[in-house]
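Participant: What follows is a structure written as structure tokens; I'll ask about it next.
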Amino acid sequence: MCQHQSPCPSADSADRESARLVAHHPEQGWSLLCNGVVLFEDTGELLPDGRAIAPQRPRGARLTTA
């Protein structure tokens, strides 16, 4: 999927979040990475094969409401 030199990490690798950003929609709360991973502002992820990764908030993190 990635055409960069050096290639971005795959969606299955532990450092998948370090792939290049190809679309960013902060008003909707998500971003698309070069490896096909969709990152959500709550730290959840959707992988290209449809698997969902639950949000990984640090302990003690507070949710803000608007």
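Participant: Here is a check on your reading of the model: is residue 49 at pLDDT below 95 and acidic (Asp, Glu)? Give the steps one after another, and end with the answer.
Facilitator: Working: at pLDDT below 95: no; acidic (Asp, Glu): yes.
So residue 49 does not fit the description; no.
Participant: Further question: For the stretch 4-19, state whether one or more residues are hydrophobic (A, V, I, L, M, F, W, C), at pLDDT 85 or above, surrounded by 10 or more Cβ atoms within 10 Å (Cβ to Cβ) and in contact with a Gly (Cβ under 7 Å, 6 or more places away or on another chain).
Facilitator: Taking every residue of the stretch 4-19 in turn, at least one turns out to be hydrophobic (A, V, I, L, M, F, W, C), at pLDDT 85 or above, surrounded by 10 or more Cβ atoms within 10 Å (Cβ to Cβ) and in contact with a Gly (Cβ under 7 Å, 6 or more places away or on another chain).
The values are calculated or read from the model by the stated rules, or taken from the named source; none is laboratory data. On a predicted model such as this, the values are computed, not experimentally measured, just so you know. As a convention, Cβ positions derive from the backbone with ideal geometry for all residues, glycine included, and neighbour counts pool all protein chains shown.
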